[in-house]
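The values are calculated or read from the model by the stated rules, or taken from the named source; none is laboratory data. Since we're looking at a predicted model, the values are computed, not measured. Cβ atoms come from the backbone with ideal geometry, glycine included; neighbour counts cover every protein chain shown. Surface areas here come from the heavy atoms of the whole protein model, side chains and all, with no ligands, DNA or RNA. Shrake-Rupley method; radii C 1.70, N 1.55, O 1.52, S 1.80 Å.
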Amino acid sequence: NVPSLSKDVASKLEPYLQLAGRLGVLLGHFETNDVRAVRVTCTGQAGQLGVRPIAHAALGGYLSQHSEEPVNPISAPYEAKARGVNLVEVSEEAIRGFASSVTVQVEGGKGVYSATGTLSAAGEPRLVELNGYELDAVIEGTTLVMHNDDQPGVIGQVGTVLGERAINVSRMQVGLDAKSGRALALWNVDSDVPAEAVEALAGIAHVKSVMVAKL
C-alpha cells in the first residue's frame, strides 16, 4: 500500500506497519460503541518514515474486528468514512525515552481506549502502554487481557485455572496503578481459551474483567 517508497524506506517502515496493525487489532477487542475517531500518533523514526501508511495499518487492524468483510490498510479509510469514523494522523517528537513509538487511541461513547507500542532492539513489536498501564509485553498470538485488584494470590489462581485446562502460558506481564490499586495483566498463551475457562477466570476473587485477544 506504499508503492511510491524506495525499498530501503519500505523495509524500515514494515515493522511499524505490523506494530500499528496489532495495536489496532488489540483495541478492536475492547467493547466500544459510537466510535467517533481513531487517532494515530507516531514519534521518532515512525513519524519520519510516514504517518499515513502507519495510521492506515492501525485503522485496518481496528476495523477488522468490527466488520464481517475483510478490512485491510487500503480499504480501511473508505470503511471508516462509511461508518462516520474520523482518522486523525499526528507526528510528534519522541516521548518517554522511546526513540520511536506508535500510539493508537479509539474515541467512542464509552471514553478513550489507548495502546502504545515500540520496536525492540531486534525490531519486534512491543506493547509499552495499554489504557494508562505501563507494560513491556509481546503482542502476538492468543493473549488474555485481565483487569484485577492488585491483591496476593490472583496470579496463582489464574495460573491454576489455566494449568488445570492444559493451557500453557508462554509469557506474562503486569502493569500496576498504585493510586487505584488495580492491575492489568497480559497472559500470552499457546492455545485457544474456551468460554468455560474465561468464565472460570472471571469468577476468581478480585478479577474485574477477562478478555481474549487474538493478535
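Scanning region 61-89 for residues that are open to solvent by less than 80 Å² (accessible area, probe 1.4 Å) and among the polar types (S, T, N, Q) turns up SER64, GLN65, SER67, ASN72, SER75.
Residues are listed down the side, and each one gets a yes or a no for (1) at pLDDT below 95; (2) closer than 21 Å to VAL128 by Cα; (3) not aromatic (Phe, Trp, Tyr):
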{"position": "LEU26", "(1), (2), (3)": "no, yes, yes"}
{"position": "ASN33", "(1), (2), (3)": "yes, no, yes"}
{"position": "GLN48", "(1), (2), (3)": "yes, yes, yes"}
{"position": "GLU92", "(1), (2), (3)": "yes, yes, yes"}
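Just wondering, is there one or more residues in region 90-101 that are within 24 Å of ASP190 (Cα to Cα), among the small types (Gly, Ala, Ser) and open to solvent by less than 20 Å² (accessible area, probe 1.4 Å)? No, every residue in region 90-101 fails to be within 24 Å of ASP190 (Cα to Cα), among the small types (Gly, Ala, Ser) and open to solvent by less than 20 Å² (accessible area, probe 1.4 Å).
For region 116-134, a tally of residues being open to solvent by less than 40 Å² (accessible area, probe 1.4 Å) and either without any contact (Cβ under 8 Å) to a residue 24 or more places away in the chain or touching a Ser or Thr at 6+ places or on another chain (Cβ under 6 Å) (or both) returns 5. Just so you know, in region 140-170 the residues that are surrounded by 14 or more Cβ atoms within 10 Å (Cβ to Cβ) and free of Cβ contacts under 8 Å to residues at least 24 places away in the same chain include one that is nearest to ASN188 (Cα to Cα), and it is VAL169.
Kindly check whether there is at least one residue in region 185-204 that is in a strand (DSSP E or B) and over 12 Å from GLY141 (Cβ atoms). Working first, answer last.
Of the residues in region 185-204, the ones in a strand (DSSP E or B) are 185-189.
After this cut, where a residue has to be over 12 Å from GLY141 (Cβ atoms) as well, the list is 185.
Yes, region 185-204 contains at least one residue that is in a strand (DSSP E or B) and over 12 Å from GLY141 (Cβ atoms).
Taking VAL174 as the residue in question, decide whether it is in a helix (DSSP H, G or I), aliphatic (A, V, I, L, M) and surrounded by fewer than 19 Cβ atoms within 10 Å (Cβ to Cβ).
Values: in a helix (DSSP H, G or I): no; aliphatic (A, V, I, L, M): yes; surrounded by fewer than 19 Cβ atoms within 10 Å (Cβ to Cβ): yes.
So VAL174 does not fit the description; no.
Restricting region 1-42 to residues that are more than 17 Å from the chain's Cα centre (by Cα) and touching a residue at least 60 places away in the same chain (Cβ under 8 Å) leaves a set whose member that is most open to solvent (accessible area, probe 1.4 Å) is ARG36. Does GLU196 fit the bill of being more than 21 Å from LYS110 (Cβ to Cβ), surrounded by fewer than 13 Cβ atoms within 10 Å (Cβ to Cβ) and among the acidic types (Asp, Glu)? The answer is yes for GLU196.
Surrounded by 15 or more Cβ atoms within 10 Å (Cβ to Cβ), free of Cβ contacts under 8 Å to residues at least 60 places away in the same chain and touching a helix residue (DSSP H, G or I) at 6+ places or on another chain (Cβ under 6 Å): does that describe TYR113? No.
Which one of GLY141, GLY163 is more than 15 Å from VAL212 (Cα to Cα) and out of contact with any Gly (no Cβ under 6 Å at 6 or more places or on another chain)? Quick ask: steps written out before the conclusion?
Numbers: GLY141 fails: more than 15 Å from VAL212 (Cα to Cα).
Every option except GLY163 fails the conditions.
Just one residue in the set ALA94, ALA137, ALA57, ALA99 is assigned to a helix (DSSP H, G or I), of a type outside the set (Phe, Trp, Tyr) and either closer than 18 Å to GLU14 by Cα or in contact (Cβ under 8 Å) with a residue 40 or more places away in the chain (or both); that residue is ALA57.
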